[in-house]
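Q: Questions regarding the structure given below will be posed in turn.
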Amino acid sequence: MYTNNHKAASGRGPRLAGFAIAAVFMVMGGQALADCAAPTAPGDMPSGKKATKDEMIAAQGKVKEFDAATTTYVSCLQAETDAASAKLDQSETDPKKLEDKKKKLQAEETKKQNAAIDKDKDLAAHFNEQLRAFKAQNAKPE
């Protein structure tokens with residue numbers, strides 16, 4: 001097992017490590033904020049009554065891509081909030097203010113996540129509606 005006794009014995013190691021971790025979170029927090037861009041939903045879905053099979057398959061691919069991008073965005077928001085929360089832990093000394101600020105961060109994250117998930121669900125619902133129309137239009141009589 002690796003131990004770093006000379007730093008721990010001086011008492012400077014844990015404080016320096018804490019500072020280093022805080023610095024990393026501050027840098028990560030800034031990057032996360034810049035990196036968390038909400039995905040853009042694909043344009044118009046083809047009409048299920050008029051679309052070809054290839055158009056429906058292409059639309060399905062776009063819906064899946066948007067869903068994956070939404071999942072990535074939601075994870076990014078969580079990481080952003082976690083980093084900001086850790087930064088607050090290092091900088092806010094008043095427990096009441098800390099709690100209030102963390103609640104505000106969480107509320108903002110939840111609002112953004114819910115909006116993204118709602119867009120994702122709406123897109124999937126619209127695609128599924130068009131897919132049902134496509135299947136009905138192209139059903140083979142028995």
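Q: Within segment 115-142, count every residue that is loosely packed, with under 12 Cβ neighbours inside 10 Å and either in contact with a Ser or Thr (Cβ under 7 Å, 6 or more places away or on another chain) or at pLDDT 90 or above (or both). Reasoning before the result, please.
A: Initially, segment 115-142 is screened for residues loosely packed, with under 12 Cβ neighbours inside 10 Å, giving 115, 118, 122, 125, 132, 135-136, 139-142.
Filter once more, keeping what is either in contact with a Ser or Thr (Cβ under 7 Å, 6 or more places away or on another chain) or at pLDDT 90 or above (or both): 115, 118, 122, 125, 132, 135-136.
Counting residues in segment 115-142 that are loosely packed, with under 12 Cβ neighbours inside 10 Å and either in contact with a Ser or Thr (Cβ under 7 Å, 6 or more places away or on another chain) or at pLDDT 90 or above (or both) gives 7.
Q: When segment 46-91 is examined, which residues are found to be in contact with a Leu (Cβ under 8 Å, 6 or more places away or on another chain), buried (at least 18 other Cβ atoms within 10 Å of the Cβ) and in contact (Cβ under 8 Å) with a residue 60 or more places away in the chain?
A: Result: Gly48, Met56, Val63.
The values are calculated or read from the model by the stated rules, or taken from the named source; none is laboratory data. The structure presented is a predicted model; accordingly, all values stated were derived computationally and were not measured. Cβ sites come from the backbone with ideal geometry, for glycine too, and all protein chains shown count toward neighbours.
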